[in-house]
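Heads up, the thing below is written out as structure tokens.
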Amino acid sequence: MLGTPQFARIRIGIGKNYDPKTADQYVLKKIPPSEKAILDDGVARAADAAWMTVNDGVEKAMNRFNGSHASS
């Protein structure tokens with residue numbers, strides 16, 4: 001919609017325990033109580049990533065939150 005890739009995105013992954021053909025159904029289903037803590041952690045990390053992106057810049061936030069070297 002913006003017509004440009006020149007903007008930062010913060011995404012939350014959905015894991016690997018789903019059939020890619022039904023990903024929409026997977027993300028829209030009711031969250032089991034056993035997974036609520038995982039979701040809460042993901043939302044908190046996304047909020048931290050957004051805060052760091054605004055305050056310290058995209059590169060620093062990407063280094064902190066992306067990939068295998070991402071820290072909690």
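No value in this document is a laboratory result; all are computed from the given coordinates. Remember, predicted model here, so these are calculated numbers, not experimental data. Don't worry about glycine lacking a Cβ; one is built from the backbone with ideal geometry, like all the others, and counts go over all protein chains shown.
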### Neighbour cut-off at most 14 other Cβ (10 Å), DSSP loop, trypsin sites (Lys or Arg not before Pro), the chain
9, 11, 16, 29, 30
### Task
Report, in deg cm²/dmol and to the nearest 500, the calculated mean residue ellipticity at 222 nm for the chain, where each DSSP H run with n ≥ 4 adds -39500 (n - 2.57) and the sum is divided by the residue count.
-15000 deg cm²/dmol
### Task
Percent of Cα-Cα pairs per 5 Å bin, from 0 to the last occupied bin, for the chain, please list those.
3, 13, 20, 19, 17, 17, 9, 1, 0
#### Entry: Cα-based helix-to-principal-axis angle, 36-56 vs the chain, degrees rounded to 10
10 degrees
#### Entry: DSSP-assigned coil residues among chymotrypsin sites (Phe, Trp or Tyr not before Pro) in the chain, each with at most 16 further Cβ atoms within 10 Å
7, 18
### Net lengthening on full extension, residue 45/residue 27 (0.36 nm per residue, minus Cα-Cα)
4.7 nm
### Summary
Per the charge dipole of the chain (beta-carbon charges, Lys/Arg positive, Asp/Glu negative, Cα centre), the residue among 20, 63, 47 reaching farthest to the positive end is 20
#### Entry: Residues in the range 1-30 that a label on residue 58 would reach, taking backbone N under 18 Å of a point 7 Å out along Cα→Cβ
1-12
